[in-house]
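Below: the structure, in structure tokens.
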There are 2 protein chains.
Amino acid sequence: MNGWVAVAGLGPGAEALVTPEVSATLAEATDVIGYIPYVARVAPRDGLTLHASDNRVELDRATQALQLAANGARVVVVSSGDPGVFAMASAVFEALEAKPSYQHVDIRVLPGITAMLAAAARAGAPLGHDFCAINLSDNLKPWALIERRLRLAAQADFAMAFYNPRSASRPEGFSRTLDILREECEASRLITFARAVSTPQERLDTVTLSEATPEMADMRTVVILGNSTTRRVGRHIYTPRHAE
Amino acid sequence: MNGWVAVAGLGPGAEALVTPEVSATLAEATDVIGYIPYVARVAPRDGLTLHASDNRVELDRATQALQLAANGARVVVVSSGDPGVFAMASAVFEALEAKPSYQHVDIRVLPGITAMLAAAARAGAPLGHDFCAINLSDNLKPWALIERRLRLAAQADFAMAFYNPRSASRPEGFSRTLDILREECEASRLITFARAVSTPQERLDTVTLSEATPEMADMRTVVILGNSTTRRVGRHIYTPRHAE
């Protein structure tokens, strides 16, 4: 019984963006664990048990994966996008650190197309120069740290990708983010709201920072703020490779 | 004659990390354009012309792609990794901006697995919290800007991924990068050197910042510096989701 855990990224939604590595690993699995909408993307078959759970139980889910693998199961923990970007990979290692008895379990991480790169591709190339990725959820860190990072990133003239910009439980956070960005950046800075990229619900809107409103983002949106040189060419948004 | 340009990411090297979208698009192409080692990854076939060119001619390559597509060709411009991250997508839009007569050409960008995410997956989850990506090549920007970004990113406590850390023509740049990071970060900070991930030449080494030397990086290496909480668990490196 050689169990293992693979923490796999399913990409942003379209089947054509799931890597062959992830598809082949899912075909070998005995168990799939993850948040309900991600597990729903895995086709049921004989010999495969689907364990779908609600949001905010990442550590329980990770511990269950280690436990099943320790007993010989071949477990795929599914994330959307890339599992290493604000997703399940860190939770699995946190669970491993908390339970040293599972240190012998074979754990692999299988990369996927993360939301910001799918969104950037659809918009053009807004992340074509130095950039940063910030999770705006303040479930896991204090708001003061988010604010500090936003200001320093703006001063560094990074393009920025924002994950989890807005949730029903804390609608004010993204409004404060926009206020800070308007203090640090020029009003004409381009900002792209990319919702559900590569799915039938896909929607992209690019506006200036002065035109942006909190309602433009929801939980399925990734937001990309350009740097000071980001511009439009035709229907595309891109950041030049050069900087002064 | 409906030509198009697709700017496609081939991922870090392994076939199993090429998305089905990219494979399907390559199957429809009449022309493939790119840097010699990337074009070499595309299988020759009847009806497909391979245009391989040397490094540092990105704009020529991009203009050629637009020109061929304007004449009805189905052109795939290939990058390794993701085309929107320090690769060909921005060059194609720069070429488009310079030649408004090509504004009618249909251009799509097809995302791929970028080097930092493939490397992070292999190491564990070092980019599991807020992070930034910096191109250390000073061909396209002044060194002073790189230095400023390194210091601000360290003050923001971002994990950092470095592309193009070291070339034969400017070996001193990465040495200066390490000096700056040692001024801004604690000596025990973890740094991972990931070379040629997913290829037979793959090699990963994680050391502390005090142990890091410039020779650990070459042109096929992506370097990942953890944030202040990045740690080891077993043989894995990860950054917790939480921060104070």
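Computed from the coordinates by the stated procedures, all read-outs in this text should not be read as laboratory data. None of these values were measured; they are calculated from a predicted model. Heads up, the Cβs are rebuilt from the backbone with ideal geometry, glycines too, and the neighbour counts pull from every protein chain shown.
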Quiz item: Relative contact order for chain B: what is it in percent, counting Cα pairs under 8 Å that are at least 6 residues apart?
Solution: 20
Self-check item: Summed residue charge, Cβ within 12 Å of A:Ala62's Cβ, Lys/Arg positive, Asp/Glu negative
Solution: -1
Practice problem: Please turn the phi angles of the range A:104-109 into ³J(HN,Hα) values with the Karplus equation 6.51 cos²θ - 1.76 cosθ + 1.60 (θ = phi - 60°), one per residue in order, whole Hz, x for glycine and proline. | Solution: 7, 5, 6, 10, 10, 10
Exercise. Identify, among B:Tyr35, B:Leu50, B:Thr192, the residue whose Cα sits farthest towards the positive end of the charge dipole of chain B, taking +1 on the Cβ of Lys and Arg and -1 on the Cβ of Asp and Glu, with the dipole about the Cα centre.
Key: B:Thr192
Self-check item: Shielding score for A:132-141, defined as the mean number of other chain Cβ atoms within 10 Å
Solution: 5
Quiz item: What distance in nm separates the simple spin-label points at B:Arg41 and B:Glu183, each placed 7 Å from Cα in the Cβ direction?
Solution: 3.7
Self-check item: Considering only the protein assembly as shown, percent of DSSP beta bridges that pair antiparallel, nearest 5
Solution: 40
Quiz prompt | Of all DSSP beta bridges in the range B:116-238, antiparallel share, percent nearest 5 | solution = 70
Self-check item: For chain B, with +1 on Lys and Arg beta carbons and -1 on Asp and Glu, the positive-most of B:Ala125, B:Gly72, B:Ala62 along the dipole
Solution: B:Ala125
Quiz item: Taking amide H positions as placed 1.01 Å from N in the peptide plane, with prolines and chain starts having none, which residues 5 or more places from A:His51, or on another chain, fall under 5 Å of its amide H?
Solution: A:Val32, A:Ile33, A:Gly34
Quiz item: By a straight-distance test (C-alpha under 15 Å), which aspartates and glutamates pair with A:Lys141 as possible cross-link partners, with residues fewer than eight away in the same chain excluded?
Solution: B:Asp130, B:Asp157, B:Glu244
Quiz prompt | DSSP-defined beta bridges in chain A - what % are antiparallel, rounded to 5 | solution = 40
Practice problem: Go ahead and run the numbers for FRET between B:Thr213 and A:Thr49, Cβ-Cβ distance against an R0 of 60 Å, rounding to 0.05. | Solution: 0.80
Exercise. Could you let me know the centre-to-centre spacing of the range A:1-77 and the range A:81-124, using Cα atoms, in angstrom?
Key: 12
Practice problem: Taking the Cα centre of the protein assembly as shown as origin, sum charge times position over the Cβ atoms of Lys and Arg (+1) and Asp and Glu (-1), and report the length of that vector in debye to the nearest 20. | Solution: 60
Quiz item: Any idea what the dipole of chain A comes to, in debye rounded to 20, about its Cα centre with Lys/Arg Cβ at +1 and Asp/Glu Cβ at -1?
Solution: 300
Quiz item: Which distances, in nm and shortest first, link the A:Thr229 label point to the same label point in every other copy, taking 7 Å along Cα→Cβ?
Solution: 3.4
Quiz item: Hey, got the average number of other protein chain Cβ atoms within 10 angstrom for residues in A:231-237?
Solution: 5
Self-check item: Minimum Cβ-to-axis distance in chain B for the rotation onto chain A, with residue, whole Å
Solution: B:Cys132, 2
Quiz item: For B:Ser80, which sequence-distant residues (separation of 5 or more, or a different chain) have an amide H within less than 5 Å of its own amide H, given hydrogens modelled in the peptide plane?
Solution: B:Leu10
Quiz item: Net charge near A:Gly128, counting Lys/Arg +1 and Asp/Glu -1 over other residues with Cβ under 12 Å of its Cβ?
Solution: -2
Quiz item: So how tilted is helix B:88-98 from the main axis of chain B? Cα-based, degrees 0 to 90, rounded to 10.
Solution: 60
Practice problem: Name the residues whose placed amide hydrogens come within less than 5 Å of the amide hydrogen of B:Ala6, ignoring near sequence neighbours (fewer than 5 apart) on the same chain. | Solution: B:Val75, B:Val76, B:Val77, B:Arg108
Self-check item: Helix B:172-184 axis, angle to chain B major axis (alpha carbon atoms, nearest 10°)
Solution: 40
Practice problem: Could you pull the copy-to-copy label distances for B:Asp46, with points set 7 Å along Cα to Cβ, in nm to one decimal and sorted shortest first? | Solution: 4.2
Quiz item: What does the convex hull of the alpha-carbon atoms of the protein assembly as shown project to on average, in nm²?
Solution: 21.9
Self-check item: Net charge over other residues, Cβ less than 13 angstrom from the Cβ of B:Thr230 (K, R count +1; D, E count -1)
Solution: -1
Quiz item: Quick one: if you stick a label point 7 Å off each Cα along the C-beta vector at B:Arg231 and B:Asp205, how many nm between them?
Solution: 2.6
Quiz prompt | Backbone HN-Hα couplings from phi across the range A:216-222 [Karplus 6.51/-1.76/1.60, Hz, Gly and Pro as x] | solution = 6, 10, 9, 5, 9, 9, 10
Quiz item: Which value in Å does the Kirkwood hydrodynamic radius of chain B take, with 1/r averaged over all unlike C-alpha pairs and then inverted?
Solution: 19.0
Exercise. Give the cysteines in the protein assembly as shown for which no other Cys Cβ lies under 4.7 Å away, or write none if there are none.
Key: A:Cys185, B:Cys185
Quiz prompt | Residue mean of other protein chain beta carbons inside 10 Å, B:98-106 | solution = 1
Self-check item: Degrees between helix A:143-155 axis and first principal axis of chain A (Cα, 0 to 90, nearest 10)
Solution: 50
Quiz item: Placing a label point 7 Å from Cα toward Cβ, how far apart in nm is A:Gln155 from its equivalents in the other copies, listed shortest first to one decimal?
Solution: 0.3
